[in-house]
Amino acid sequence: MTSSASPMFDWSAPLGLPEFARIADADFAPAFDTALAEHDAEIEAIAANPEPADFVNTIVALELAGDKLSKVSSLFWNRAGTDTNDAIQALERDIAPLMSRHYSKIAMNPALFERVDALYRNRNDIGLTPEQDRLLERIWKSFVKSGAALDQAGQKRLAEVGEKLAGLGAQFGQNVLADERDYLLLLEDEADLAGLSDDLRAAMAAVAEDLGHKGKYAVTLSRSIIEPFLSTSERRDLRETAFKAWIARGAKGGATDNAALISQIIALRTEKAQLLGYASYAAYKLDDTMAKTPEAVEALLGDVWTRAVERAGIDRADLAELIAEEGGNHEVAAWDWRHYAEKLKARRFDFSEAELKPYLPLNRMIEACFDVANRLFGVTMIERKDIKGPHKDARVFEVRGRDGEMIATFIADYFARPSKRSGAWMSGMRSQHKLGMPDGSSGEKPIITNVMNFAKPAAGQEALLSLNDARTLFHEFGHALHGMLSDVTYPSLSGTSVSRDFVELPSQLYEHWLTVPEILEKHARHYKTGEPIPRALLDKVLAAQTFNAGFAAVEFTASALVDMAWHTAGEKADPATFEAETLKKLGMPEAIAMRHASPHFLHVFSGEGYSAGYYSYMWSEVLDADAFAAFEETGDPFHPEMAERLLTHVYSAGGSRDPGELYQAFRGRMPDATAMLEKRGLA
């Protein structure tokens, strides 16, 4: 197959999709060659345009350039994340630095930056709309932060640093995936399964059978397996074995150890920031966020940390008392906390996750997600079983707005598999915009994906979710709505193209509707009988929402503080020592582990997306708790006027305005942290 005939570039299948089944691994390399060459030519044409720079021939032209590269990139990174193999991983190690080099060359094109800079300097005199002014400012800043204003030597070194970082980030992620994929704790005897629920046993049996161990039960390092195992297994020795393997991802020594990579990444990021004139990499990353400075981040995290450690200390004493009551003579260890917390919750609130999960089957929770979107924003989701997605487990949906017109395509890939990286995420295969296209059409509708890692049940069985799983489902669909409801003119401002500490607002806010009583009463139904969740159980679930709040806040905030420490302190020789010393200074409780230790901290080290930015989940939590309080104040969680304001100023606005302005337009004021502290049980 020649590159010119690549199925990567033909997105004329139903709903504007490519024919995924026609795309072979071997197609990617030639498709990248074609797309990169075309983008180079487009950029050169813009830079060499003999006409004086104006908004259309420079900024709009940049927005429309690179269509083929966007297509092949979105398809490649989806496959690399959800269905990888040796060939894809080898190409990933080549493509990551290649793409970094490509975009560095664009940012450092002197003729191109001269045109952008001329427009930026004269922006007050050329009649721009507010959205155009916002776009021009962001593009100009991206050029400057990519080295456009550096001298030739500085540009050359910055490009080298970026290329090296891209390769190191790809390798970091592959090492974590390898450690997750290669670990398997097989159980067989009934004594090994003590305490495990029927649905967890079924999921572990299905995984074992898929891996060629029929009749046995597999503990893997997927959160959908390891967390319920740690919560319910009565075998303390097995909990310890599995937990130590879980936290050792990326730190096992040998070929997949990430320690050396972390040291190199931090050193290069520090150099990058200094080349661009910033005191630290954190200062560089926070420059264009709501937080603005590392000091502002540390003030928020420090306040939460103090409260969280105090609360965790109280909870630890309660767990120790329960251990003693059962006849145990050991301290509360990290592999004990979830187990005894689950028992304590069952005692205090008279229910357990095992009792709740039968009322949270995956398909009904998907329906709940869609129902909330319909009630808030008039969105209708129609599954298209006639259309194949990028993997046999992926499901494709046509998305329609209030007027019945199609507004987006949604692809959901819910189940864990060895070829998929861990975690859950949203991504856009195509962004919404309204620009005129070369074929004469106007704009493009977004194509949005959600990826999860729920345990896949055996054939014919229901996938049952924990409450945290259901929250993850709502969280990622909140991100998806941010992409699908986007209503802006320019693709660079579309959907989730907002500052890192604002992007989690639509997702975290959406989680609140999961536990709105009328939603659970309607959709939380027993997977066998169809009976709705008993009101008494629902009341217990809602009453227990802040249970174990200290543990949850400590494991998250520790990760955020360590992330910020890495990126303010600069290069450190030994990552393990630096992390340990940082946690010791913080007073990290011994019985709680970081949610993401440095060697497997994919958010921070597998690419630069959340580097010096993991705090943003909590920053956005201040926003989301305050935003949902606006609905609570009306007495109606689906208040029509409030929902319309939320749609207009948050879900559809993308990055068309400053995030602070958008939030104030919705709420009428800036947020207050009180609601977040109350939500977490830390007030």
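The values are calculated or read from the model by the stated rules, or taken from the named source; none is laboratory data. Everything numeric in this text was worked out from a predicted model, so none of it was measured. Reconstructed Cβ throughout: ideal geometry from the backbone, glycine too, with neighbour counts over all protein chains shown.
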Give Asp626, Asp636 a once-over and let me know the one that is part of a helix (DSSP H, G or I) and charged (D, E, K, R). Asp626
Among (1) part of a strand (DSSP E or B); (2) touching a residue at least 12 places away in the same chain (Cβ under 8 Å); (3) touching a strand residue (DSSP E or B) at 6+ places or on another chain (Cβ under 6 Å) - the single one Asp393 does not satisfy: (1)
Here are Leu586, Leu623, Leu542: which of them is surrounded by 23 or more Cβ atoms within 10 Å (Cβ to Cβ), closer than 29 Å to Asp672 by Cα and among the hydrophobic types (A, V, I, L, M, F, W, C)? Leu623
What number goes with the only condition from (1) farther than 30 Å from Gln89 by Cβ; (2) touching a Phe, Trp or Tyr at 6+ places or on another chain (Cβ under 8 Å); (3) surrounded by 18 or more Cβ atoms within 10 Å (Cβ to Cβ) that Phe638 does not pass? (3)
Just name the residue that is farthest from Ala41 (Cα to Cα) out of those in segment 90-127 that are in contact (Cβ under 8 Å) with a residue 40 or more places away in the chain, out of contact with any Phe, Trp or Tyr (no Cβ under 7 Å at 6 or more places or on another chain) and not in a helix (DSSP H, G or I). Met108
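Would segment 597-618 turn up any residue that is of a type outside the set (Ser, Thr, Tyr), more than 18 Å from Gln174 (Cβ to Cβ) and surrounded by fewer than 18 Cβ atoms within 10 Å (Cβ to Cβ)?
Looking through segment 597-618, none of the residues is of a type outside the set (Ser, Thr, Tyr), more than 18 Å from Gln174 (Cβ to Cβ) and surrounded by fewer than 18 Cβ atoms within 10 Å (Cβ to Cβ).
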All conditions in (1) in contact (Cβ under 8 Å) with a residue 60 or more places away in the chain; (2) small (Gly, Ala, Ser); (3) in a helix (DSSP H, G or I) are true of Ala191 except (1)
If you check Leu300 against the conditions, is it in a helix (DSSP H, G or I) and within 24 Å of Pro228 (Cβ to Cβ)? no
Close pairs (6 angstrom Cβ cut-off, 6 or more residues apart or separate chains): in contact (Cβ under 8 Å) with a residue 24 or more places away in the chain in segment 358-376, in a helix (DSSP H, G or I) and of a type in the set (D, E, K, R) anywhere: none
The listed residue being closer than 30 Å to Glu342 by Cα and part of a loop (DSSP other than H, G, I, E, B), out of Leu196, Leu177: Leu196
What are the residues in segment 558-610 that are assigned to a helix (DSSP H, G or I) and closer than 22 Å to Arg316 by Cβ, if any? Ala558, Ser559, Ala560, Leu561, Val562, Glu579, Ala580, Thr582, Leu583, Lys584, Lys585, Leu586
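A quick yes/no check of all residues on (1) free of Cβ contacts under 8 Å to residues at least 24 places away in the same chain; (2) under 20 Å from Gly81 (Cα atoms); (3) touching a strand residue (DSSP E or B) at 6+ places or on another chain (Cβ under 8 Å); (4) part of a strand (DSSP E or B):
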residue	(1), (2), (3), (4)
Ile407	no, no, yes, yes
Ala412	no, yes, yes, yes
Ser422	no, yes, yes, no
Gly428	no, yes, yes, yes
Asp439	yes, no, no, no
Met452	no, yes, yes, yes
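Specify the residue that is modelled with the lowest pLDDT; the eligible residues are those in segment 597-620 that are of a type in the set (S, T, N, Q) and over 12 Å from the mean Cα position of the chain (by Cα). Break it down into steps so the answer makes sense when it comes.
As a first pass, look at segment 597-620 and keep what is of a type in the set (S, T, N, Q): 598, 606, 611, 616, 620.
Going one step further and asking which of them are over 12 Å from the mean Cα position of the chain (by Cα), we end up with 598, 606, 611, 620.
Numbers: Ser598: 97, Ser606: 95, Ser611: 96, Ser620: 92.
Among those residues, the one meeting the criterion is Ser620.
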Given the conditions (1) in contact with an Asp or Glu (Cβ under 6 Å, 6 or more places away or on another chain); (2) without any contact (Cβ under 8 Å) to a residue 40 or more places away in the chain, every one holds for Glu38 apart from (1)
Considering only residues that are of a type in the set (Asp, Glu) and outside any helix (DSSP H, G or I), look in segment 50-72 and name the one that is surrounded by the most Cβ atoms within 10 Å (Cβ to Cβ). Asp54
Here are the criteria: (1) surrounded by 21 or more Cβ atoms within 10 Å (Cβ to Cβ); (2) assigned to a loop (DSSP other than H, G, I, E, B). Tell me which single one Val372 does not satisfy. (2)
Considering only segment 76-89, how many residues are in a helix (DSSP H, G or I) and either touching a helix residue (DSSP H, G or I) at 6+ places or on another chain (Cβ under 8 Å) or not assigned by TED's automatic domain parsing to the domain that holds Ala149 (or both)? 6
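Can Glu608 be described as closer than 25 Å to Ser422 by Cα and of a type in the set (D, E, K, R)?
Working: closer than 25 Å to Ser422 by Cα: yes; of a type in the set (D, E, K, R): yes.
Against the criterion (closer than 25 Å to Ser422 by Cα and of a type in the set (D, E, K, R)), Glu608 qualifies.
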Here are some conditions: (1) more than 21 Å from Thr546 (Cβ to Cβ); (2) under 25 Å from the mean Cα position of the chain (by Cα); (3) in a loop (DSSP other than H, G, I, E, B). Pro671 meets all but one. Which one does it not meet? (1)
Members of segment 639-654 that are assigned to a helix (DSSP H, G or I) and either under 30 Å from Leu561 (Cα atoms) or among the aromatic types (Phe, Trp, Tyr) (or both): Val650, Tyr651
Can you find, within segment 232-282, the residue that is nearest to Ala159 (Cα to Cα) among those that are acidic (Asp, Glu) and in contact (Cβ under 8 Å) with a residue 40 or more places away in the chain? Glu271
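Within segment 342-361, which residues are crowded, with 21+ Cβ neighbours inside 10 Å and not in a strand (DSSP E or B)? Before you say what the answer is, go through the steps one by one.
Initially, segment 342-361 is screened for residues crowded, with 21+ Cβ neighbours inside 10 Å, giving 353, 356-357, 359-361.
Within segment 342-361, Glu353, Leu356, Lys357, Tyr359, Leu360 qualify.
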Residues of segment 49-89 classified as free of Cβ contacts under 8 Å to residues at least 60 places away in the same chain and within 26 Å of Ile447 (Cα to Cα), total: 9
Glu521 vs (1) free of Cβ contacts under 8 Å to residues at least 24 places away in the same chain; (2) out of contact with any Pro (no Cβ under 8 Å at 6 or more places or on another chain); (3) not aliphatic (A, V, I, L, M): all pass except (2)
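I'd like to know if segment 640-658 contains one or more residues that are within 20 Å of Val297 (Cα to Cα), touching a residue at least 24 places away in the same chain (Cβ under 8 Å) and either hydrophobic (A, V, I, L, M, F, W, C) or not assigned by TED's automatic domain parsing to the domain that holds Leu230 (or both). Even if it seems obvious, please write down each step before you answer.
Residues of segment 640-658 within 20 Å of Val297 (Cα to Cα): 658.
This time we only want the ones that are touching a residue at least 24 places away in the same chain (Cβ under 8 Å), so: 658.
Checking the rest, the ones that are also either hydrophobic (A, V, I, L, M, F, W, C) or not assigned by TED's automatic domain parsing to the domain that holds Leu230 (or both) come to 658.
So far as segment 640-658 goes, yes, one or more of its residues are within 20 Å of Val297 (Cα to Cα), touching a residue at least 24 places away in the same chain (Cβ under 8 Å) and either hydrophobic (A, V, I, L, M, F, W, C) or not assigned by TED's automatic domain parsing to the domain that holds Leu230 (or both).
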Suppose we keep only residues that are farther than 19 Å from Lys272 by Cβ and surrounded by fewer than 18 Cβ atoms within 10 Å (Cβ to Cβ) within segment 134-161. Which one would you say is farthest from the chain's Cα centre (by Cα)? Glu137
Could you please let me know if Ser224 is within 22 Å of the chain's Cα centre (by Cα), assigned to a helix (DSSP H, G or I) and of a type outside the set (A, V, I, L, M)? yes
